[in-house]
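Asker: This is the structure I want to talk about, given as structure tokens.
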Amino acid sequence: MSSVKMNNSIKIHLSFFVFMLPVVHVMANVTTNYFDPGTFNPGFIRTIYITVVILLAFYKFNIPEKSLFLIAIVFLTYNLVLVFLNEEFLTPLINFFRLSLPILLFFVGYSVINNQERLDKLFKYYLLALALFLVNIVIVNIMGIGESQYVDDTFYMGGARVGSANELSVFILIALTFILINDQKRWNWFSILLIAGSTIIILVSMRRGAYLTLAGGMIIFTYLIGFTSKKILRYLVFAGIILVALYPIYSTPLIERYEHRKITREGSLANIEIEGRFQEMEDVPVSLTAGGVSKWLTGTHNLNSEKYWKGREIHVGYLAILHGSGLIGLGLFLLLIYTLFNKGWRVYKRTKNSKYHKIHLALYFSLIISLLLYLVTSRMHGFNLVAPVFLMMGSIMGTITKNINSR
């Protein structure tokens, strides 16, 4: 076999491994917590899998969007330097991989999933991954497996944790997009079932971050595609009917968990002053000020706040970045997000007359907003939500950009 044919064969097979990324990701999410920390667990296997896929993609394809890639590399390199300046660097180094790998998936998706056929196929793998997650939820609640957070014996997540509900918001947006671009009714009805099931989990989870992420993403998505899209309205009505029909099944845990969250200090708006995330908004600036100008510029204990910050990780993503890498790190991160948005906006203005491109770019922008809202309550260094968002965003941008350039 000639080297050219071999390279083409590797590229074709690499697309399959990229398709499988959402499945591998979800399988790791729902099983890793069954294993002891530090063992050869599914989460570790996911890290290896993603690393290999990224290395192969960078080896076989030219780096796309070099200015954006440069910003990402500067941001990540800066964080890596700060990691090695920590008193101990093993834990922050692990967190660095959790920070860097999801971001780099943008460029993998851009390079590998760069045509309509592959993008449509990637959507189906996202739906398959979501189906596996929902099947896991059904099984663990029938068998009572895993931990029922907030209220015992009300709602089990199995090997996943209740924070995984945040991620379902972006899967719902992806499923809605698929309905709009797909004409196969079986897949569309399958998507509606997944949307209804995911919505139930988000409701019962009592995760305020999940509510915020889904609401913000949906507002942007529906605004960009048009509030009067008959197809999306029709399927959403059916999803609503399913939610109402299944209410007797999930009403008891929903009400129990709501009543509990309402009276606990974490869930009470009346006690917001003692809620951990609210306290971080006051305490992080005070801590940095005590350290002087240098701490404001470069932060302290990067990606290792759980050991040095009152025995808990800083939960607000923006404050975690500010505390760990200072204004320089936060500025680089916001520059990365701005560049992603600006790239999408420039493409949107060139292709807004294309229905196909308009729908996908609506998803692209809604994913950016979902990520920004997610960071109000959660950290950036993790695979949950961040990995699926960057992979899908890169795939959308790679496909549309190639379509534009081929005209």
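Asker: Given just the C-alpha atoms of segment 21-92, how large is their convex hull per residue in cubic angstrom?
Answerer: Considering the Cα atoms of segment 21-92, their hull volume per residue is 113 Å³.
Asker: Could you work out how far apart the two model spin labels at Ile73 and Leu85 are, taking each label as a point 7 Å from the Cα in the direction of the beta carbon, and quote it in nm?
Answerer: My value for the distance between the label points is 2.2 nm.
Asker: For the residue pair Leu132 and Asn405, what label-to-label distance in nm results when each label sits 7 Å from Cα along the Cα-to-beta-carbon direction?
Answerer: Distance between the two pseudo-spin positions: 3.1 nm.
Asker: Taking Rg and Dmax of the Cα atoms in Å straight from the coordinates, which label in [x] 30.1, 111; [y] 21.3, 70; [z] 22.6, 73 is the correct one?
Answerer: Here Rg and Dmax of the Cα atoms in Å agrees with entry [y].
Asker: Hey, what number do you get for the chain at 222 nm if only DSSP H runs of n ≥ 4 count, each worth -39500 (n - 2.57), divided across all residues, to the nearest 500?
Answerer: -25500 deg cm²/dmol
Asker: Still on this structure: At a threshold of 8 angstrom on Cα-Cα distance, excluding pairs fewer than six apart, so keeping six or more, what relative contact order does segment 3-405 reach in percent? Don't jump to the answer; show the numbers that get you there.
Answerer: Values: 533 pairs, mean separation 103.1, N = 403.
Once divided by the residue count of segment 3-405, the mean separation gives 26 percent.
Asker: Once you have the Cα-Cα distance between Arg350 and Lys230, take 0.36 nm times their residue separation minus that, and quote the gain in nm to one decimal. If you can, show how the numbers build up before the last one.
Answerer: On the way: separation 120, 0.36 × 120 = 43.20 nm, distance 2.53 nm.
The Arg350-Lys230 span can extend by a further 40.7 nm.
Asker: Can I ask one more? Using a simple spin-label model with points 7 Å from Cα along the Cα→Cβ vector, what separation in nm is obtained for Thr339 and Val237?
Answerer: 4.6
Asker: Taking springs between alpha-carbon atoms closer than 10 angstrom, which of Thr252, Thr31, Thr300 fluctuates most in the Gaussian network model of the chain?
Answerer: For the chain, modelled as a Gaussian network with Cα springs under 10 Å, the answer is Thr252.
A short reminder: the numbers here are calculations on the coordinates, not readings from a lab. Keep in mind it's a predicted model, so treat the numbers as computed, not measured. Here the Cβ is made from the backbone with ideal geometry for all residues, glycine too, and neighbour counts use every protein chain on show.
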